[in-house]
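Reading through the structure tokens given below for one structure.
The numbers here are math on the coordinates, done by the rules we state, and not lab data. These numbers come from a predicted model, not from an experiment. Because the Cβ atoms are built from the backbone with ideal geometry, glycine has one as well, and the counts that use them run over all protein chains shown.
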């Protein structure tokens, strides 16, 4: 099955969601196609709510496999500066602003590579290339992500050393150690600390949890770099297409890692 599915569809989802997520059509139009009997799963006509796994099931639209649709879709790669107070999804049931609200000029349906939480801001990669997204996000690649941050209080050197060695985060499985992080002070003085931190994994709310663990609440968090790609002077809420050189560089670096 086409490798695009690896990232987004490793489990069953409603058929209309699958068709919209891979960029074939919007969810509303997908529902219309289903009601018209134009969508099948393993030879059977799909219904609204039918679930499927694109890695295992044969899904067709008007008799054409969805993998064939994907071959005709141009691959695009974007860098987006996510503002604070925006959800890293294409739709939010609570009605909050999503990244989709800032992508009006993008002709292709793209998806975030990884996440930034609601209160965080900064560099977010977007693409419709599942192979690329999967490779960047896979833990084995240890892709570096660098953040500029402000925390409450002045960090002691022994606390910075803890971050550099890895800290144990609480979890439902009893706790897990983070990989060693690179940490440096970028501003001295005052009652708070400004730091630059680089991590090599992507656990949920990882940086905030790391600093909560050592007793320093995060006041501001901005991702400024992903594996050599710099956010630079890109304005909050703005996006730009990656250059061919940037795409080639990050692809080569990802593929060269074991």
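Quick rundown of the values:
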item	result
Cα gyration tensor shape of the range 194-258, rounded if a/c is under 1.5, else prolate or oblate by comparing a/b with b/c	oblate
Peptides ranked, highest mean first, by Cβ atoms within 10 Å: ranges 113-124, 91-102, 223-234	113-124, 223-234, 91-102
Between the range 148-191 and the range 236-256, the alpha-carbon center distance in angstrom	28
Overall Cα dimensions of the chain - principal axes, largest extent first, Å	66, 41, 40
The range 152-218, relative contact order in percent, only Cα pairs under 8 angstrom and at least six apart counted	33
Taking the convex hull of Cα positions in the range 131-180, its mean projected area over all directions (nm²)	5.3
P(r) histogram, all alpha-carbon pairs of the range 5-71 included - 5 Å bins from 0, percent	4, 20, 34, 30, 11, 1
DSSP bridge orientation in the chain - percent antiparallel, rounded to nearest 5	95
Percent RCO, i.e. relative contact order, over the range 5-71, from Cα pairs under 8 Å lying at least 6 residues apart	36
Average Cα contact separation per residue, the chain, under 8 Å, 6 or more apart, as relative contact order %	20
Largest-first ellipsoid semi-axes for the range 24-162, taking √(5λ) over the Cα gyration tensor eigenvalues, angstrom	38, 18, 15
Gain on full stretching of the segment that runs from residue 38 to residue 171 - 0.36 nm per residue minus C-alpha separation	43.5 nm
Length added when fully stretched, residue 62-residue 187, from 0.36 nm per residue minus Cα-Cα	39.0 nm
Burial ranking of peptide ranges 136-147, 56-67, 243-254 (average Cβ count within 10 Å, highest at the top)	136-147, 56-67, 243-254
Percent of Cα pairs exceeding the 20 Å cut-off, where the set is the range 154-216	23
